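Data block below; observations after.
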Number of protein chains: 2
Amino acid sequence: MAVELQHFTKRSENYSQWYNDLVIKADLAEQSAVRGCMVIKPYGYAIWEKMQAQLDKMFKETGHQNAYFPLLIPKSFLSREAEHVEGFAKECAVVTHHRLMNDPDGKGVVVDPEARLEEELIIRPTSETIIWNTYKNWITSYRDLPILVNQWANVMRWEMRTRMFLRTAEFLWQEGHTAHATKEEAQEEAIKMLGVYKTFAEKYMAVPVVTGVKSANERFAGALETYTIEAMMQDGKALQSGTSHFLGQNFAKAFDVKFVNKQNELEYVWATSWGVSTRLMGALIMTHSDDNGLVLPPALAPIQVVIVPIYKNDEQLAAVTEKVTPVIEALRAKGISVKYDDADNRRPGFKFADYELKGVPVRLAIGARDIQNGTVEVMRRDTLEKSVEQLDGIVERISALLDDIQENIFQKALKHREEMTAKVDTYEDFKAQIEKGGFILAHWDGTPETEERIKEETKATIRCIPLDAPDEEGVDMLTGKPSHRRVIFARNY
Amino acid sequence: MAVELQHFTKRSENYSQWYNDLVIKADLAEQSAVRGCMVIKPYGYAIWEKMQAQLDKMFKETGHQNAYFPLLIPKSFLSREAEHVEGFAKECAVVTHHRLMNDPDGKGVVVDPEARLEEELIIRPTSETIIWNTYKNWITSYRDLPILVNQWANVMRWEMRTRMFLRTAEFLWQEGHTAHATKEEAQEEAIKMLGVYKTFAEKYMAVPVVTGVKSANERFAGALETYTIEAMMQDGKALQSGTSHFLGQNFAKAFDVKFVNKQNELEYVWATSWGVSTRLMGALIMTHSDDNGLVLPPALAPIQVVIVPIYKNDEQLAAVTEKVTPVIEALRAKGISVKYDDADNRRPGFKFADYELKGVPVRLAIGARDIQNGTVEVMRRDTLEKSVEQLDGIVERISALLDDIQENIFQKALKHREEMTAKVDTYEDFKAQIEKGGFILAHWDGTPETEERIKEETKATIRCIPLDAPDEEGVDMLTGKPSHRRVIFARNY
């Protein structure tokens, strides 16, 4: 597992290749032997675990509980909701048999034709159908509502073109599925969870996001309304980073889930679902990282501070170790994760490059002269700035530095987004602007046909109608039809 | 989701039915629409999450990191290790297609015959094959070793007879997969993780376990040695609760994983794997629970203390709430999870029965008279004993009571196991004793044939050869051949 530290592709050379190189070289993930499925390596998984832990905490604080539903879904369930099956049928992994047998020709094993399932089973692409089939038995009265359940799970969508973290056949995610007695309550829930996602993205990932609602074309299959958080990557492309759906009564109707309301009338249950996935890893990587490697927000970095001793012999190492041990303990007591790398099989320069590649937010280096002077060299990963600081009071300064890095990379990403966001009023300008990348705020007549035509001609899609879009009368740049607010167009991952 | 509190099956009537009733009525899990797959409900999942969190901590403390490998395994991978494929081929869910299409007859969707996979994929029954295929690229030198990786995942084994938690087609588990430079180190690792499992079972689940090694018949398919923790349920049957395998170089050979050792020679890598699953939930339920419902060890109870106010009007409720609020805060400050159930739509008697059913370790009830007297009624779930105690100092006493319950249910289970363990020397005695249930310590000649015959005639299997079995010369009760130690026989789940 030796890290190869040779130069990798620069962002300016080939952004897409830079991303792929970085995922591999920072030891985050790799392609597996199974088409479109990745292996998430320990370092990548450690970041995902930190994301999970924080999201899980936020879900529980908003009253949700975790549960687990089956991986496999009877094929007939998918057909119950017309748009849902339309959206997912074309990318389903289908289980047809439940046994292998020895190859009669003696070459390994083959599918046992006798073990054909009566009804094929689908590996869940999402779990609305199996969950609403279950909720049917949980709900009879308004007193059984709301149900606020989340599931951490793997799902599978047989995508033809895959990219690690961004689009993989199998991915890890969480899917919240809630059931409510009123339309208003379900709508509030969908918006509330969008807010949780926005807070998580901005406060923990340091990724600024626009919250908005999707156009009909981009809506989740089976939803009445899809809310989204959209982030902008360094190349100006949009990355849909999380979605929250108001499902109305579609799945309740498909699975006949009714309840007796307070007025003693039988009514269909109202639903939401919402999810974020390992795609967030892609957003995290592409928002902050640079040509030297990953840049991780301190809030999600598995190692927040690395300390590298510089020494010529065991005596010097012992002196450094003695000096830094209380610093390490004090940092840990503040809840800061610290790695003291005194391994003697790698030189300091190699370690420096490796921790830069891995995005460790703060690096301390300390040698014999520092011991004499009572100093330490501090390097911050986001700006690569080095400074020599007094050891006295270093714990408080590192703690503050971590906060500063967290804020700095957020502001940097925000500034980038603002600089890469343009208002455009004519289709000619639009076509020129879209080549530069970034978000375009433009008027749209609200029809799928216009959206479709723009997509065909420019590869840009409507990312969302921002929730905070001000009322503004205008005309569609293509059709000249009236529009009441600007929407965000962009090319996207 | 109203809990039906009517009487359910007693253990003495039908132990197996009691278990099924309890899983349903305590809201732990239910059958799903998919054959053999269960839905783990929020209360059941909350217990599993506590298990996961503790195990994960123990894995990390012993130097392991988490990662994630694909759900699907190419069929040909299974065939690489001869015993492995023999062990798992007959219960594999097989993915053969990657797309559905509209039924030409207009009835829902059907499998698209054009979307047949070139090679079928198996839903992982366990991940040795895909992981060792991956490790091949991670390992070149002894410096890359050891690899100490764990995965939390779902797996699928198409079992014909399933029971919730104990044996389900899909289950949740963790699987550790480690790679080592020497045989000794791998053997040590397998034994070390068995020790972690024993500590977890006894200290957190309060389930006493025997550690031992499996006979060849019961060994994991592909292992050189399988170590096990075996628990005894209340009906005297054994439950294999966790296994740790020394895999030798079998998977390294199957996937050609070699490394350059310190002597600069090319050698196959040594392996272990080890796992526990949602089956532990079955062990937990069946070890401690009684005819009133679940009995949970405080260390794993989602709610450790429930407080039920007894009141006739809002004024009395307010007085109780005022009195208990500082108690709740003080308990929570000690890390104790407390639920204050002041819901007004259920009567106290109903609440009491419900929390007994759910196995909440300690229940406090407090009413108007208690307020006057400065007292509170304390009920401990394990013995159902009630006492009236002074509110003064209650926090410390509850904390001590939780420890006492944890210890008491462990000792009770241990005493039960000891009482249900018998030494037997003749096959006649064996056949009589096995009908009474429990563990039987008997001599065995070490051959699979004898073991097989005993199994056929008595339904008892060798659960393990205990690691601490003293040397004792004897003769096999069936064949009269020499034996050097006693092994444990039992009927099992």
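In segment B:220-249, the residue that is nearest to the chain's Cα centre (by Cα) out of those that are modelled with pLDDT under 95 and open to solvent by 10 Å² or more (accessible area, probe 1.4 Å) is B:PHE220.
With the requirement that a residue be at the interface with chain A (Cβ under 8 Å from one of its Cβ atoms) and surrounded by fewer than 24 Cβ atoms within 10 Å (Cβ to Cβ), what does segment B:148-169 give you? I'd like the intermediate steps shown before the answer.
Residues of segment B:148-169 at the interface with chain A (Cβ under 8 Å from one of its Cβ atoms): B:149, B:153-154, B:156, B:158.
Of everything in segment B:148-169, those that are at the interface with chain A (Cβ under 8 Å from one of its Cβ atoms) and surrounded by fewer than 24 Cβ atoms within 10 Å (Cβ to Cβ) turn out to be B:ALA153, B:ASN154, B:TRP158.
Taken over segment B:308-327, the criterion of being touching a residue at least 40 places away in the same chain (Cβ under 8 Å) and not polar (S, T, N, Q) is satisfied by B:VAL308, B:PRO309, B:ILE310, B:TYR311, B:LYS312, B:ALA319, B:VAL320, B:LYS323, B:VAL324, B:VAL327.
Within segment A:328-356, the residues that satisfy the criterion of being closer than 23 Å to B:GLY63 by Cα and assigned to a helix (DSSP H, G or I) are A:ILE328, A:GLU329, A:ALA330, A:LEU331, A:ARG332, A:ALA333, A:LYS351, A:ASP354, A:TYR355. If you go through segment A:33-46 and keep only what is of a type outside the set (Lys, Arg), more than 7 Å from chain B (Cβ to nearest Cβ) and either crowded, with 24+ Cβ neighbours inside 10 Å or not in a helix (DSSP H, G or I) (or both), you end up with A:GLY36, A:MET38, A:GLY44. For segment A:361-371, the criterion of being out of contact with any Gly (no Cβ under 9 Å at 6 or more places or on another chain) and surrounded by fewer than 16 Cβ atoms within 10 Å (Cβ to Cβ) is met by at least one residue.
Quick check on my filter: what residues within segment B:431-488 are among the β-branched types (Val, Ile, Thr), open to solvent by less than 30 Å² (accessible area, probe 1.4 Å) and farther than 27 Å from B:ALA190 by Cα? Reasoning before the result, please.
Taking segment B:431-488 and keeping what is among the β-branched types (Val, Ile, Thr), we get B:434, B:440, B:447, B:450, B:454, B:458, B:461-462, B:465, B:475, B:479, B:487-488.
Keeping just the survivors that are open to solvent by less than 30 Å² (accessible area, probe 1.4 Å) gives B:434, B:440, B:450, B:454, B:458, B:461-462, B:487-488.
Those that are among the β-branched types (Val, Ile, Thr), open to solvent by less than 30 Å² (accessible area, probe 1.4 Å) and farther than 27 Å from B:ALA190 by Cα: B:ILE434, B:THR450, B:ILE454, B:THR458.
Could you check, for segment B:3-12, whether at least one of its residues is crowded, with 17+ Cβ neighbours inside 10 Å, closer than 30 Å to A:LEU28 by Cα, more than 8 Å from every other protein chain (Cβ to nearest Cβ) and within 25 Å of the chain's Cα centre (by Cα)? Checking segment B:3-12: not a single residue is crowded, with 17+ Cβ neighbours inside 10 Å, closer than 30 Å to A:LEU28 by Cα, more than 8 Å from every other protein chain (Cβ to nearest Cβ) and within 25 Å of the chain's Cα centre (by Cα).
Only residues that are assigned to a loop (DSSP other than H, G, I, E, B) and of a type in the set (A, V, I, L, M, F, W, C) were counted in segment B:4-32, giving 4. Of the residues that make up segment B:252-261, is at least one free of Cβ contacts under 8 Å to residues at least 60 places away in the same chain and assigned to a loop (DSSP other than H, G, I, E, B)? No: segment B:252-261 contains no residue that is free of Cβ contacts under 8 Å to residues at least 60 places away in the same chain and assigned to a loop (DSSP other than H, G, I, E, B). Taken over segment B:111-125, the residue count meeting the criterion of being under 17 Å from B:SER273 (Cβ atoms) and either modelled with pLDDT under 95 or surrounded by fewer than 24 Cβ atoms within 10 Å (Cβ to Cβ) (or both) is 1. Residue count for segment A:57-89 under the criterion of being under 22 Å from A:LYS192 (Cα atoms) and either among the polar types (S, T, N, Q) or open to solvent by 30 Å² or more (accessible area, probe 1.4 Å) (or both): the result is 7.
Of all residues in segment B:286-295, none satisfies being over 23 Å from the mean Cα position of the chain (by Cα), under 24 Å from B:GLU385 (Cβ atoms) and either surrounded by fewer than 24 Cβ atoms within 10 Å (Cβ to Cβ) or among the aliphatic types (A, V, I, L, M) (or both). Residues that are modelled with pLDDT of 95 or more, among the hydroxyl-bearing types (Ser, Thr, Tyr) and within 18 Å of B:LEU402 (Cα to Cα): does segment B:306-323 have at least one? Checked segment B:306-323: no residue is modelled with pLDDT of 95 or more, among the hydroxyl-bearing types (Ser, Thr, Tyr) and within 18 Å of B:LEU402 (Cα to Cα).
State which residue is farthest from the other protein chains (Cβ to nearest Cβ) when the search covers only segment A:128-140 and only residues that are touching a Phe, Trp or Tyr at 6+ places or on another chain (Cβ under 9 Å) and open to solvent by 20 Å² or more (accessible area, probe 1.4 Å). Before the answer, list the steps.
Going through segment A:128-140, the residues touching a Phe, Trp or Tyr at 6+ places or on another chain (Cβ under 9 Å) turn out to be A:128-136, A:139-140.
Next cut, open to solvent by 20 Å² or more (accessible area, probe 1.4 Å) only: A:133, A:136, A:140.
Working: A:ASN133: 6, A:LYS136: 10, A:THR140: 8 Å.
Restricting to residues being touching a Phe, Trp or Tyr at 6+ places or on another chain (Cβ under 9 Å) and open to solvent by 20 Å² or more (accessible area, probe 1.4 Å), the top hit is A:LYS136.
For segment B:464-490, the tally of residues that are of a type outside the set (Gly, Ala, Ser), assigned to a strand (DSSP E or B) and out of contact with any Phe, Trp or Tyr (no Cβ under 7 Å at 6 or more places or on another chain) stands at 7. Would you confirm whether any residue within segment A:56-66 is at the interface with chain B (Cβ under 7 Å from one of its Cβ atoms) and either farther than 30 Å from A:LEU300 by Cβ or of a type in the set (Ser, Thr, Tyr) (or both)? Looking for residues that are at the interface with chain B (Cβ under 7 Å from one of its Cβ atoms) and either farther than 30 Å from A:LEU300 by Cβ or of a type in the set (Ser, Thr, Tyr) (or both), one finds none in segment A:56-66, hence no.
Table: residues versus (1) under 22 Å from A:VAL475 (Cα atoms); (2) of a type outside the set (Val, Ile, Thr); (3) not in a helix (DSSP H, G or I).
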residue	(1), (2), (3)
A:LEU402	no, yes, no
A:ASN408	no, yes, no
A:GLU418	no, yes, no
A:ILE434	yes, no, no
A:GLU452	yes, yes, no
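Looking at segment B:82-196, the strands (runs of 3 or more DSSP E) lying wholly inside it that each contain 3 or more residues that are more than 21 Å from the chain's Cα centre (by Cα) and closer than 30 Å to A:ARG80 by Cβ sit at B:94-97, B:100-102, B:109-111, B:116-123. Is it fair to say B:VAL395 is among the hydrophobic types (A, V, I, L, M, F, W, C), part of a helix (DSSP H, G or I) and either surrounded by 19 or more Cβ atoms within 10 Å (Cβ to Cβ) or modelled with pLDDT of 95 or more (or both)? So B:VAL395 fits the description; yes. Residue pairs whose Cβ atoms lie under 6 Å apart, separated by 6 or more positions or on different chains, with the first residue in segment A:90-106 and within 7 Å of chain B (Cβ to nearest Cβ) and within 30 Å of A:ARG157 (Cβ to Cβ) and the second open to solvent by 70 Å² or more (accessible area, probe 1.4 Å) and not hydrophobic (A, V, I, L, M, F, W, C), are A:HIS97/A:ARG116; A:ARG99/B:LYS90.
If you go through segment B:296-341 and keep only what is open to solvent by 30 Å² or more (accessible area, probe 1.4 Å), within 28 Å of B:TRP18 (Cα to Cα) and hydrophobic (A, V, I, L, M, F, W, C), you end up with B:ALA299, B:ILE303.
The values are calculated or read from the model by the stated rules, or taken from the named source; none is laboratory data. As the structure is a computational prediction, the values presented were derived from the model and not from experiment. Counting neighbours? That spans all protein chains shown, and the Cβs are built from the backbone with ideal geometry, glycine included. Surface accessibility is based on the protein's heavy atoms, side chains included, excluding ligands, DNA and RNA. Shrake-Rupley method; radii C 1.70, N 1.55, O 1.52, S 1.80 Å.
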